[in-house]
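**Student:** Take a look at the following structure, please.
The values are calculated or read from the model by the stated rules, or taken from the named source; none is laboratory data. Because the structure is a prediction, the values reported are computed rather than measured. FYI the Cβ positions are ideal-geometry reconstructions off the backbone, even for glycines, and counts take in every protein chain you see.
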Amino acid sequence: MKITTDYRIDDILEFKKNHPCGSNQWKVVRTGVDMKLECMGCKRIILIPRVDLNKKVKRIIRD
């Protein structure tokens, strides 16, 4: 299944693997070549290249 790479700010991304805090949901804070994500569990912020992000995302949750 191909995941679209159309990420928007405030989208919630569900990853295939859990973060060490136990959550697998991340909120998109900034888009671009590098994506800025905030963990919904512990509020840690990470920068991840879009190419790597596409491999980790299981699904996109939009309001």
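**Student:** Within the stretch 13-36, can you find the residues that are within 16 Å of Lys56 (Cα to Cα), aliphatic (A, V, I, L, M) and in contact with a Lys or Arg (Cβ under 7 Å, 6 or more places away or on another chain)?
**Tutor:** Val28, Val33, Met35, listed by residue number.
Here's the yes/no breakdown for (1) touching a strand residue (DSSP E or B) at 6+ places or on another chain (Cβ under 9 Å); (2) modelled with pLDDT of 95 or more:
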residue	(1), (2)
Ile3	yes, no
Ile12	yes, yes
Thr31	no, no
Asp34	yes, no
Leu37	yes, yes
Gly41	yes, yes
Arg44	yes, yes
Lys56	yes, no
Arg62	yes, no
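**Student:** Continuing with the same structure: Return the residue satisfying two criteria in turn: it lies in the stretch 8-63 and is touching a residue at least 40 places away in the same chain (Cβ under 8 Å) and acidic (Asp, Glu), and of such residues it is surrounded by the most Cβ atoms within 10 Å (Cβ to Cβ).
**Tutor:** Asp11
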